[in-house]
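Taking it in order: structure first as structure tokens, then the write-up.
The values are calculated or read from the model by the stated rules, or taken from the named source; none is laboratory data. Keep in mind it's a predicted model, so treat the numbers as computed, not measured. Cβ placement follows ideal geometry from the backbone for every residue including glycine, while neighbour counts extend to all protein chains displayed. Accessible surface areas use protein heavy atoms only, side chains included; no ligands, DNA or RNA. Shrake-Rupley method; radii C 1.70, N 1.55, O 1.52, S 1.80 Å.
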Amino acid sequence: MLDVQGTWDEALSILQPALTLAPNDSKMTAEVYYAIAQPLHHQRRLAEAEQHLREAVRLSPEYPGAHNGLGNVLRDQSRFEEALVCYQAALILRPDLPEFHNNLGNVLRELNRLPEAETAYREALGLRPDYSDAWSNLGNLLHERGANLEAIQAHRRALELTPDDAVAHMNIGPPLLFEGELTEGWNAYEWRWR
């Protein structure tokens with residue numbers, strides 16, 4: 001953990017002076033604010049990350065990554081309605097990015113808007129069929145809706161794509177258990193301890 005923390009601190013020490021060096025170009029300055037927000041977010045310095053991302057959006061409202069990044073920071077603060085607005089803004093600018101659809105699905109799921117969340121995950125998968133996280137998120141949503149057989153299929157697809165992902169193994173466990181596949185369900189759930 002100290003090595004990771006040191007890496008984020010080093011990134012900040014390199015990026016922060018760039019604000020004073022950035023030319024009088026709002027798009028480039030917005031990108032610097034966005035870049036600074038990334039290590040702040042990873043360090044869980046969410047208020048600071050939010051401040052930098054809001055400045056990036058103010059300077060360059062057409063910058064989809066800034067809207068998406070702000071949505072991520074707001075989601076991590078459980079400010080789901082605000083995050084939703086950010087993800088929608090990002091998708092208006094870049095509807096072709098599956099990560100944005102996946103993030104939209106995650107926040108819609110938090111807001112218990114499950115049909116809309118399912119649509120967002122499926123749109124992400126339509127853009128990138130090998131998107132393991134979206135398959136896993138779709139599987140979790142289907143399990144929440146009681147569609148365990150479909151959930152198992154989605155989780156199996158995630159595992160085909162990322163067979164060493166402990167979270168994907170854990171996620172398939174509950175729908176398997178609900179369907180009476182006790183041995184396979186417990187094995188999948190406990191796989192993460194390997």
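Residue-by-condition table, conditions (1) β-branched (Val, Ile, Thr); (2) closer than 23 Å to Thr7 by Cα:
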position	(1), (2)
Met28	no, no
Ile36	yes, yes
Pro39	no, yes
His42	no, yes
Arg45	no, yes
Glu50	no, yes
Leu53	no, yes
Val57	yes, no
Ser60	no, no
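Conditions tested, residue by residue: (1) surrounded by 21 or more Cβ atoms within 10 Å (Cβ to Cβ); (2) farther than 17 Å from Gly105 by Cβ; (3) under 13 Å from the mean Cα position of the chain (by Cα).
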{"residue": "Glu55", "(1), (2), (3)": "no, yes, no"}
{"residue": "Ala66", "(1), (2), (3)": "yes, yes, no"}
{"residue": "Leu70", "(1), (2), (3)": "yes, yes, yes"}
{"residue": "Val73", "(1), (2), (3)": "yes, yes, yes"}
{"residue": "Asp76", "(1), (2), (3)": "no, no, yes"}
{"residue": "Ala83", "(1), (2), (3)": "yes, no, yes"}
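Take the conditions (1) closer than 21 Å to Pro175 by Cα; (2) of a type outside the set (A, V, I, L, M); (3) over 12 Å from the mean Cα position of the chain (by Cα); Glu48 misses just one of them, which is (1).
Asp164 fulfils the conditions (1) without any contact (Cβ under 8 Å) to a residue 24 or more places away in the chain; (2) assigned to a helix (DSSP H, G or I); (3) open to solvent by 90 Å² or more (accessible area, probe 1.4 Å); (4) over 24 Å from Gln88 (Cβ atoms) except for a single criterion, (2).
Is at least one residue of region 137-147 open to solvent by 40 Å² or more (accessible area, probe 1.4 Å), assigned to a helix (DSSP H, G or I), in contact with a Lys or Arg (Cβ under 7 Å, 6 or more places away or on another chain) and within 16 Å of Gly105 (Cβ to Cβ)? Looking for residues that are open to solvent by 40 Å² or more (accessible area, probe 1.4 Å), assigned to a helix (DSSP H, G or I), in contact with a Lys or Arg (Cβ under 7 Å, 6 or more places away or on another chain) and within 16 Å of Gly105 (Cβ to Cβ), one finds none in region 137-147, hence no. For region 90-136, the tally of residues that are of a type in the set (A, V, I, L, M, F, W, C) and buried (at least 19 other Cβ atoms within 10 Å of the Cβ) stands at 12.
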